[in-house]
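Visitor: Quick one: structure below, then a few questions.
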Amino acid sequence: MDSTGRLALMFLPLLMIGAAPGHLVQEHIGNNAEICLLPPDEGPCRARIPSYYYDRYTQSCRQFIYGGCKGNANNFETWAACHEACRRIEKVPHICRLEVNENICEEPREMYFFNLMTMTCEKFMSVGCNRNGNQFSDKASCMDFCAPKKSTYYVLWYFYFIFLSRLFDGKKSIS
């Protein structure tokens, strides 16, 4: 295959995605974490409007009463609107959604916990006696257990690029 054909083959998936319906392209742009991981905020007013927010601990949309003013962006008129906006938030195991426990009752030691807001493991000084499971001795084991797994979409792209690299390296094509 000549270099023009290889170049066309390389850009074909990008053209296909560009021609797809808008929601398919939007699906992989972002997951709205900056909105969906905010805590619910009913605001200072007292209108009592049934609304929905994404609960980062249950990893689902839940109803709450919105006061009608201020609050934050994690506030949706319907469950469907909440679900559509937040469905791409990566899921993490239950233990990793627990708040870090900092009760003082023993010598402090350096540990790691999974922070649901930053979606990464962070260092803290453990001085607790009632550990809740979201405590790991090192960052690697914390990330191995808690980090969201890659979606099928990214795995498929990975294999596609392996195929392309073999094609351009002049190695045997995949059959």
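Visitor: Checking the conditions here, which among GLU122, GLU84, GLU107 is of a type in the set (Asp, Glu) and assigned to a loop (DSSP other than H, G, I, E, B)? Explain how you work it out, then say what you get.
Guide: Values: GLU122 fails: assigned to a loop (DSSP other than H, G, I, E, B); GLU84 fails: assigned to a loop (DSSP other than H, G, I, E, B).
From the options GLU122, GLU84, GLU107, the qualifying one is GLU107.
Visitor: Looking for something modelled with pLDDT under 75 and either of a type outside the set (Asp, Glu) or surrounded by 12 or more Cβ atoms within 10 Å (Cβ to Cβ) (or both) - is there at least one such residue anywhere in the range 104-117? It would help to see each step written out before you state the result.
Guide: Filtering the range 104-117 for residues modelled with pLDDT under 75 gives 104-106.
Pick out the ones that are also either of a type outside the set (Asp, Glu) or surrounded by 12 or more Cβ atoms within 10 Å (Cβ to Cβ) (or both) and you get 104-105.
Yes, the range 104-117 contains at least one residue that is modelled with pLDDT under 75 and either of a type outside the set (Asp, Glu) or surrounded by 12 or more Cβ atoms within 10 Å (Cβ to Cβ) (or both).
Visitor: Moving on to the next point. Looking at the structure I just gave you, is ALA47 over 16 Å from the mean Cα position of the chain (by Cα) and either at pLDDT 55 or above or on the phi > 0 side of the Ramachandran plot (or both)? If you could, list the steps in order and put the result at the bottom.
Guide: Values: over 16 Å from the mean Cα position of the chain (by Cα): yes; either at pLDDT 55 or above or on the phi > 0 side of the Ramachandran plot (or both): yes.
Answer is yes for this residue.
Visitor: Next question. Which ones in the range 67-83 are surrounded by 16 or more Cβ atoms within 10 Å (Cβ to Cβ), more than 22 Å from the chain's Cα centre (by Cα) and within 9 Å of SER51 (Cβ to Cβ)? First the steps, then the outcome.
Guide: At the first step, the residues of the range 67-83 found to be surrounded by 16 or more Cβ atoms within 10 Å (Cβ to Cβ) are 67, 71, 74-76, 82.
Filter again for more than 22 Å from the chain's Cα centre (by Cα), leaving 67, 71.
GLY71, the sole residue that qualifies.
Visitor: Can we say ASN74 is under 27 Å from ASN132 (Cβ atoms), modelled with pLDDT of 95 or more and of a type in the set (S, T, N, Q)? Break it down stepwise before answering.
Guide: Working: under 27 Å from ASN132 (Cβ atoms): yes; modelled with pLDDT of 95 or more: yes; of a type in the set (S, T, N, Q): yes.
So ASN74 fits the description; yes.
Visitor: Which members of the range 32-58 meet the condition of being in contact (Cβ under 8 Å) with a residue 40 or more places away in the chain and crowded, with 17+ Cβ neighbours inside 10 Å? It would help to see each step written out before you state the result.
Guide: Filtering the range 32-58 down to residues in contact (Cβ under 8 Å) with a residue 40 or more places away in the chain leaves 32-33, 35-37, 56-57.
Passing the criteria: ASN32, ALA33, ILE35, CYS36, LEU37, ARG56.
The values are calculated or read from the model by the stated rules, or taken from the named source; none is laboratory data. Because the structure is a prediction, the values reported are computed rather than measured. Note that each Cβ is placed from the backbone with ideal geometry, even for glycine, and that neighbours are counted across all protein chains shown.
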